[in-house]
Structure formats: structure tokens, C-alpha cells
Amino acid sequence: MAHPSQLGFQDAASPVMEELLHFHDHALMIVFLISTVVLYIIVAMVSTKLTDKYILDSQEIEIIWTVLPAIILILIALPSLRILYLMDEINSPLLTIKAVGHQWYWSYEYTDYEDLGFDAYMIPTQDLNPGQFRLLEADHRMVIPVESPIRVLVSADDVLHSWAVPALGIKMDAVPGRLNQTAFIASRPGIFYGQCSEICGANHSFMPIVVEAVPLEHFENWSSRMLEDA
């Protein structure tokens, strides 16, 4: 969960998000090094009157400042492509959930069960309990088993939406008439918050997503209760 004055990302709750955080730090260190070198060169050029005629026209320097950026781009591109393929990988999910965006709420269908589905509306501010977060709490949470591969099928009923949970490293567009899919594994129990990340209308900011990761035994008890209530 993000907090005021936070500078970095939320703590990772999935293996893919951990990889994304590592890649972010890797790229940021390269940016810092390049910025430091450029700043040093600028300061050196401004603060000294000394010049060297061999630097003004040098084949060696031109080769260096052509080859070196290419190497740096390769060092950034290879890890990036690796993570891109990891995010697209979907291997025999334990559970498949269909998330459908509406104006302005989410509906969830657990496709492995015959009659397990519900709508998730934002809890109004006046109805919040102590400790709950304004604009982020939903009346129904998407409950999943921890340490299990989960596939989410994302679509929309009316306009463009986007199903995003930052801590899990997920952001998938919900397009009417199209079924997109993504997958993740929650590496620890917890409650993870997200919101619609597409400007979908007047109540765009009132479409919270709440994912609750619980042990498998608790998930089975929850699904049994939901099916009995249905």
C-alpha cells in the first residue's frame, strides 16, 4: 500500500513485480552514471580555457561515443525483453477469473466454478469502517489463493477500462468486445489495492480493485460460503 511522501514503488507482491523493481533500479543506475559523466564534461568545458587540438577532431573519440551508447542500450534492452516475455507467459493456471469493467464498477466471474460471481462497488466514504481506505475499498474483494498461478481474463461491457494492481505488477486494458488475459502469482498473503487506469468517464476514479490473497484452505472455505449464498 502506498503512503504519503513515498518516493519509490510499492513493495512487490509477485515475482514479476520483483523483476520489474530490479530492472527499474538497474536502468536508474545507468541513468545516474550517464548524468554524472555529462555533468562533469559540461562543468569541465565551462570552467577551463584549456583546449586540445587532438580532441577537436578525433576518430577515436567518435568511435567511442558511437559504440558506448550502443552497448548501454543493449544492457537496457536485454533485461527489458526478458521481463516482457515473462509477463506474457501463462502456464497452466490453477484458477481463472474473468474481470469485466462497467460504468463504474467491476464484476468478477470465477470460471472454474459453476455459479461463483459478483459485482464489486466502491464503498462510499460515509460507510467506511475505521482503518479502511477512502476511494480504494470495495464491497466485494477478489479473493485468490496465495502462491498459485492465477489467470485473469479482462474485458469491458461499455467503454475502455483498465484493470491495474501495482503491487502485483498488473495492468491490462479492458476493451469492449475483446478478451485480454494476464497472469500473476501472489507471493505472500495480503490485501492489494488497484484502480481503473483508463479515463473511462465521470466516475473513473471510483472503480477500486481489491485483491485479497489468502492460503488455499481459506480460499476453499470462502468459495464454499459464496456458492452456498448463491
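The values are calculated or read from the model by the stated rules, or taken from the named source; none is laboratory data. The structure presented is a predicted model; accordingly, all values stated were derived computationally and were not measured. So basically every Cβ, Gly included, is an ideal-geometry build from the backbone, and we count neighbours across all protein chains shown. Areas reflect the complete protein model, heavy atoms only, side chains present, ligands, DNA and RNA absent. Shrake-Rupley method; radii C 1.70, N 1.55, O 1.52, S 1.80 Å.
Per-residue ellipticity at 222 nm, computed for the chain from helices alone with -39500 (n - 2.57) per DSSP H run of at least four residues, works out to -12000 deg cm²/dmol. Rolling a 1.4 angstrom probe over the protein heavy atoms, how many square angstrom per residue are accessible across the chain? That works out to 63 Å² per residue.
Phi-derived couplings, Karplus 6.51 cos²θ - 1.76 cosθ + 1.60 at θ = phi - 60°, listed residue by residue for the range 215-225: x, 4, 4, 5, 5, 5, 5, 5, 5, 5, 5 Hz, with x used for Gly and Pro.
Counting other Cβ atoms within 10 Å, keep those with at most 13, restrict to DSSP loop, and tell me which chymotrypsin sites (Phe, Trp or Tyr not before Pro) in the range 17-98 are left.
On the way: sites: PHE23, PHE32, TYR40, TYR54, TRP65, TYR85; in loops: none.
Nothing satisfies the criteria.
Rounded to the nearest angstrom and listed largest first, the equivalent-ellipsoid semi-axes of the chain from its Cα gyration tensor are 47, 20, 17. Projecting the Cα positions of ILE30, SER47, LEU20 onto the charge dipole of the range 20-82 (unit charges on Cβ atoms of Lys, Arg, Asp and Glu, taken about the Cα centre) puts LEU20 furthest along the positive direction.
Between GLU217 and ARG178, what length comes free when the chain is fully extended (0.36 nm per residue of separation minus the Cα-Cα distance, one decimal in nm)?
Result for the pair: 10.7 nm of gain on full extension.
What dipole magnitude, in Debye to the nearest 20, does the chain give about its Cα centre under +1 on Lys/Arg Cβ and -1 on Asp/Glu Cβ?
Dipole size: approximately 840 debye.
Calculated translational diffusion coefficient of the range 95-229 (20 °C, 1.002 mPa s; Stokes-Einstein with Kirkwood radius over alpha-carbon pairs) equals 143 µm²/s. If R0 is taken as 35 Å, the Cβ-Cβ distance between ASP139 and GLU18 corresponds to a FRET efficiency of 0.70.
If the segment from MET1 to MET29 were pulled out straight at 0.36 nm per residue, it would be longer than the present Cα-Cα gap by 7.6 nm.
Considering only GLN132, GLN59, GLN181, the mean-square fluctuation computed in a Gaussian network model of the chain, springs between alpha carbons under 10 angstrom, is largest for GLN59.
When +1 charges are put on Lys and Arg Cβ atoms and -1 charges on Asp and Glu Cβ atoms, the dipole computed for the range 186-230 relative to its Cα centre reaches about 180 debye.
Within the accessible area of the range 94-195, the carbon and sulfur atoms contribute 48%, probe 1.4 Å, all protein chains present.
Rounded to the nearest 20, the Cβ-based charge dipole of the range 11-146 about its Cα centre (Lys and Arg +1, Asp and Glu -1) stands at 680 debye.
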